[in-house]
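This report concerns only the one structure given below.
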Amino acid sequence: MFIKIILFMALVSLITATDTMLPGYCLIKGSSIRSSNECFLLSLQGDGNLVLYRDSDNQAIWSSGTFLTKSSMACIQEDGDFAILDKSGKVLWNAGIRNNKNSQIILQDDGNLVAYDNSHKALWASNTVTNC
């Protein structure tokens, strides 16, 4: 049942292009989100690596380091943590966010990927502020 719910959320994620990931939102391999100014792209690649690119020169500016793993999705989990999971739901990488069920991930126009709580307090960031 867990996998069916995650797959459904991943399909919804593919249909709705956005710069924001909300609780339950997942990226599956080959899917992405884009900053609202369209300068930056966060993509879960086929090799399992979650990579943040600057579009102007296709430069990778951050990655999860999960290449060559059996990762299948990047999700905001029920506890609010941003995590990369394998097909069984095992966490391969996470942002270390705990007990923030309303957290959201935003790919900002400055290239920084940031997790915020519901009062817009930053919980985690990729620290990748750069020019478009």
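The values are calculated or read from the model by the stated rules, or taken from the named source; none is laboratory data. Just so you know, these numbers come straight off a predicted model, no measurement behind them. For neighbour counting, all protein chains shown are included, and Cβ atoms are generated from backbone atoms with ideal geometry for every residue, glycine included.
Return the pairs, sorted by first residue and then second, in which the second residue is β-branched (Val, Ile, Thr), the first residue lies in the range 48-70 and is without any contact (Cβ under 8 Å) to a residue 12 or more places away in the chain, the beta carbons are less than 9 Å apart, and the residues are 6+ apart or on different chains.
Once the first residue is without any contact (Cβ under 8 Å) to a residue 12 or more places away in the chain and sits in the range 48-70, its partners that are β-branched (Val, Ile, Thr) give GLN59/THR130; ALA60/VAL51.
Within the range 91-128, which residues are at negative phi, assigned to a loop (DSSP other than H, G, I, E, B) and surrounded by fewer than 12 Cβ atoms within 10 Å (Cβ to Cβ)?
ARG98, ASN118, SER119, LYS121, listed by residue number.
Filter the range 10-31 down to the residues that are surrounded by 19 or more Cβ atoms within 10 Å (Cβ to Cβ) and not in a loop (DSSP other than H, G, I, E, B), then identify the one that is modelled with the lowest pLDDT.
SER13
For the range 32-82, give me each residue that is among the charged types (D, E, K, R) and either within 25 Å of HIS120 (Cβ to Cβ) or assigned to a strand (DSSP E or B) (or both).
If the condition is that a residue be among the charged types (D, E, K, R) and either within 25 Å of HIS120 (Cβ to Cβ) or assigned to a strand (DSSP E or B) (or both), then ARG34, GLU38, ARG54, GLU78, ASP79, ASP81 are the ones that fit.
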